[in-house]
Amino acid sequence: MQSRRETLQHSVAVAGLLASAGFPQFVHAALNKNAFEAKSVQDAVKAAGGASLIESKDVTLTAPDIAENGAVVPMGISTGLPGVKHLLLLVEKNPLALVAIFQSSEALENNFLTRAKMGQTSDVYAVAIMADGKALWAKKEVKVTLGGCGG
Amino acid sequence: MKKNTLYLAASATLGLMVSLLLAGCASGPTVAELDALTDRIVKASFRTQGIANVERVTATDETNRACSEADAIGKRLDEKTAKAIEEANFKSIRWPADGKFLGDWRQGEAIAQNGRGLTWTDDAKMANGGNCYNCHQMDKKEISYGTIGPSLYNFGKLRGVTDPNSPEARAMLEYTWGKVWNAKAYNACSNMPRAGHMGILTEAQVRHVVGLLLDPQSPVNQ
Amino acid sequence: MADPMRIRAQAAGDKTTVRVLMSHEMETGQRKDAAGKTVPAWHIQEVTATHNGKQVLSAEWGTAVSKNPFMQFVIKGAKAGDKIAVTWKDNKGDMRTDEATVT
Amino acid sequence: MNIFANWAVPLALTLLSALPVVAQKTASQGIDEYRAMLADGNPAELFEAKGEDLWKKARGPKNASLEKCDLGKGPGVFKGAFVELPRYFADTQRMQDLESRLVTCMEALQGWDGAEIAKTPFGQGEQTNVTALATWIASESKGQRFNLSQNHLQEKTFYEVGKRLFYQRGGTHDFSCASCHGEEGKRIRLQDLPLLSKSPGDGVGFAAWPAYRVSNGQMWGMQLRLNDCYRQQRFPYPGFGSDATIALSTYLGVNAKGAVSVAPALKR
């Protein structure tokens, strides 16, 4: 376990100025604008290149059964399948369903974790878009509650 | 520079006050001195903000003063004082002008769910909530309930209220109204706010909450 | 300029788990301020990471990622002493890169 | 101050009634699971890093760092300082908690106007920096046990005053701190309430703040924690660093004696 102090020493800020100094372009800059503007899970997956939706046991969605607060809900996607192009996390009942797209890469495991906002109790989807256009999905309902006084 | 010394100077004032107060007491301050110091610290520390006037803490009533004091020394109020407080609070209960105790339980449920109102970030114009679920179980379907107060699930059913308009139900109607209006009329140092007495809920809102508790159709009594 | 990220990269066997915390509002564009005006969306859109200078991660984020975002990914084959750099760019064009050493 | 960032307001109003029936035990087990998933990667770390930087950086009208700040264990000593605060400071002749002491240092060493900082709302201007500094200083005592001094007469006096404040009923709802924190095993809604009239145990209550609050994505120091308790008690506004907040902190801190500090924690 790296201590905070060590991390600080290793963590060097090299940004900010780079923005104006011609930092190399992102590989996927704004490619999936339509997917992020889609309201439903289906439309978002389609816009991200998923042709046919198929439920799959080979895609794993990590998410809690219940979230104490919808502002921060941990969720992750992983799969051991070969031939994955993109990995998507989506929240069905959010105003815009798509949370994040991770591009599959030879250098990485297909295993990503992040945290998302959820407006209400909803199904969460993990979708692996394959090279052949298949969109393999797993889903789970996450209940969103509120622990405190609500004041 | 002049400004900069202000914070130190101002904050040292109370410190000085404490030192002066304690000068010459080798055994430390007495209970009365500590009570007086607490009052002064409260006056110097709190200020009016939004609708939350400073009098809410500097000018609390006899009920709160007596109960706070008893709490701080870890004792219950003596029976006589408790009785006197309960009687005074009972007298302050405003009974329904039109004789109607039971309102719409659906509106009562919304009031019970609502924990808002009367903080310094709230607007005076908004309707206040009753905060009921913060402390009580009520409708069994609501899993997010507090446990500071007893469960009120089946409140009316357990007390035999089958027809709220019957003469037999009258006493329970009055008790429930009175308890919601001013809980301290029945238990001097109850943790429960005095919803009607302190102006937290309007008469119409109290009626709806009583409906939620006693209406046989209410989910509380299912 | 945005505050620094916190990056932890820990090697275990032939895999390195990278955990990143970013300092960002992640405003959804759905929220209204006290005056009732919609607060415009302001969120990280693109995240990339490099391992010893070679790009390994490319991700795109929407408005639903939480404020002060957290992300975890696993690099194959990285070892102690390797450099991991993470860059984010938001919809206003702000960006930030921070680097950490694999332990 | 709108503490509800993003979508929390509709949540508060609509979600509770929409929940299906789930056994009580399952709900709290689920919430424990949820918290465990968040434990790794507390955004408070972002504020720790910022606070450490602020401590070392030359800033303010005097362009000086805070590295000579005396938090009670001598100039520049920050390790272990947090678990001994509030304490009596001879130079200011008063009881001070971590945040008010940091303001004193910012005034004395860096030349800021302390009164102006004290008046600044939480989450704005230099107050943000006070919170970040407090987060870092607290993190430097992580794992240590609370051990407030009760040697000085003022330390004892403030404990006694704090105890009275803890039990003081007021506001429109007659609430005191003890209304919610005076009994073991109670809850508001689904939120467990620590009993604070004695030590609630390691990493609970006083031993958990500063903390990052997931509900609004904000970093809160103890001053804001107490401030918001008083807000929800429907009390008037306690001044930043006021004697009431410091006396109450003294009471809570002394009660927490022996409890291990986990600050900065992650909270709802």
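Only the coordinates and a few stated rules stand behind these numbers; no lab work does. Computed from a prediction, not measured in an experiment: that's the story for all the values here. For neighbour counting, all protein chains shown are included, and Cβ atoms are generated from backbone atoms with ideal geometry for every residue, glycine included.
To the nearest whole number, what is the average tally of beta carbon atoms from other chains within 10 Å of the beta carbons of peptide B:52-60?
On the way: counts 9, 2, 3, 2, 8, 12, 2, 1, 5.
Mean partner shielding for this stretch: 5.
Across segment B:60-66, coupling constants 3J(HN,Hα) worked out from phi with the 6.51/-1.76/1.60 Karplus curve, θ = phi - 60°, read 6, 7, 4, 4, 5, 4, 5 Hz, and Gly and Pro carry x.
Can you check what the net charge comes to around B:Trp105, using other residues whose Cβ is under 11 Å from the Cβ of B:Trp105 (Lys, Arg +1; Asp, Glu -1)? Once all neighbours under 11 Å are counted, the net charge is -2. Taking the centroid of alpha carbons for each part, segment D:28-67 and segment D:154-203 are 27 Å apart.
Mind running the shape call on the protein assembly as shown? Use the C-alpha gyration tensor, a ≥ b ≥ c as the square roots of the eigenvalues: rounded below 1.5 for a/c, prolate if a/b tops b/c, oblate otherwise.
Numbers: a/c = 2.34, a/b = 1.25, b/c = 1.87.
Verdict is oblate for the protein assembly as shown.
Spatially close Lys pairs in segment A:24-144, defined by Cα atoms under 16 Å apart and a spacing of eight or more places or different chains, total 15. What separates the Cα centres of segment B:52-118 and segment C:46-98 is a distance of 56 Å.
By per-residue mean of other Cβ atoms within 10 Å, what is the highest-first order of D:62-74, C:46-58, B:188-200?
Values: D:62-74: 16.5, C:46-58: 18.5, B:188-200: 21.3.
Per-residue Cβ counts within 10 Å, averaged per peptide and sorted highest first, yield B:188-200, C:46-58, D:62-74.
Using only Cα atoms, find the angle between the long axis of helix D:24-39 and the longest principal axis of chain D, and express it within 0 to 90 degrees, rounded to the nearest 10. Between helix and principal axis, roughly 40 degrees.
Where does each of A:77-90, D:189-202 land if you order them by average Cβ count within 10 Å, highest first?
On the way: A:77-90: 20.1, D:189-202: 18.3.
Highest-to-lowest ranking by the protection proxy: A:77-90, D:189-202.
Just to confirm the number: angle between the C-alpha axis of helix D:8-18 and the first principal axis of chain D, 0 to 90 degrees, nearest 10? That helix lies at roughly 30 degrees to the long axis. Along the axis of the charge dipole computed for segment D:72-195 (Cβ charges of +1 for Lys and Arg, -1 for Asp and Glu, origin at the Cα centre), the listed residues D:Met106, D:Gly72, D:Leu153 are led at the positive end by D:Leu153. Considering only D:Ile31, B:Pro96, D:Thr250, the residue lying farthest towards the positive end of the dipole of the protein assembly as shown is D:Thr250, judged by Cα position with unit charges set on Cβ.
Taking the Cβ of A:Glu92 as the centre, find all other residues whose Cβ is under 14 Å away and add up their charges (Lys, Arg: +1; Asp, Glu: -1).
Overall, the nearby charge balance is +3.
About its Cα centre, segment D:79-219 has a charge dipole of approximately 440 debye under the convention of +1 per Lys or Arg Cβ and -1 per Asp or Glu Cβ, with nothing else charged.
In what sequence do B:Glu86, D:Glu107 fall when counting other Cβ within 10 Å, fewest first?
Working: B:Glu86 20, D:Glu107 24.
Starting with the residue having the fewest Cβ neighbours, the order is B:Glu86, D:Glu107.
Partner shielding of B:187-200 amounts to 3, given as the average count of beta-carbon atoms from other chains within 10 Å of each residue beta-carbon. Across peptide D:109-122, the mean count of Cβ atoms from other chains lying within 10 Å of each residue's own Cβ comes to 3. Overall form of segment D:227-268: oblate. Here a/c, set by the Cα gyration tensor axes a ≥ b ≥ c, is 1.5 or more, and a/b is not larger than b/c.
Taking Cα atoms only, the orientation of helix B:170-181 departs from the longest principal axis of chain B by about 30 degrees. Scanning residues 5 or more positions from C:Gly29 or on other chains, those with amide H under 5 Å from its amide H are C:Ala41, C:Trp42, with H placed 1.01 Å from N in the peptide plane.
For D:Phe82, D:Phe158, D:Phe166, B:Phe90, which order do you get if you count the other beta carbons within 10 Å of each Cβ and list the fewest first?
Numbers: D:Phe82 26, D:Phe158 30, D:Phe166 22, B:Phe90 14.
The fewest-first ordering by Cβ neighbours comes to B:Phe90, D:Phe166, D:Phe82, D:Phe158.
Taking 15 Å as the straight-line reach from the Cα of B:Lys83, the aspartates and glutamates in range (excluding those fewer than 8 positions away in the same chain) are B:Glu62. Can you classify chain B as rounded, prolate or oblate using the Cα gyration tensor, where a ≥ b ≥ c are the square roots of its eigenvalues, rounded means a/c under 1.5, and otherwise it's prolate if a/b beats b/c and oblate if not? Note, shape of chain B comes out prolate.
Helical content of chain D, expressed as a calculated mean residue ellipticity at 222 nm, amounts to -13500 deg cm²/dmol (DSSP H runs of 4 or more residues, -39,500 (n - 2.57) each, divided by residue number, nearest 500). For segment D:44-267, the C-alpha radius of gyration sits at 0.96 times the compact-globule guess of 2.2 N^0.38 Å, with N the residue count. Packing order of peptides B:101-107, D:246-252, highest average first: D:246-252, B:101-107 (average count of other Cβ atoms within 10 Å over each peptide's residues). Around the Cα centre of the protein assembly as shown, unit charges on the Cβ atoms of Lys, Arg, Asp and Glu (plus for the first two, minus for the last two) sum to a dipole of about 220 debye. Mean residue ellipticity at 222 nm, helices only, chain B: -14000 deg cm²/dmol; runs of at least 4 DSSP H residues each add -39,500 (n - 2.57), and the sum is divided by the number of residues. Out of every Cα-Cα pair that segment C:6-101 contains, those further apart than 24 angstrom amount to 28 percent.
Within the protein assembly as shown, DSSP assigns beta bridges of which about 90% are antiparallel (rounded to the nearest 5). Computed from phi, the 3J(HN,Hα) profile of segment D:135-144 under the Karplus parametrisation 6.51, -1.76, 1.60 (θ = phi - 60°) reads 4, 5, 4, 4, 5, 6, 10, 4, x, 8 Hz, with x in place of Gly and Pro.
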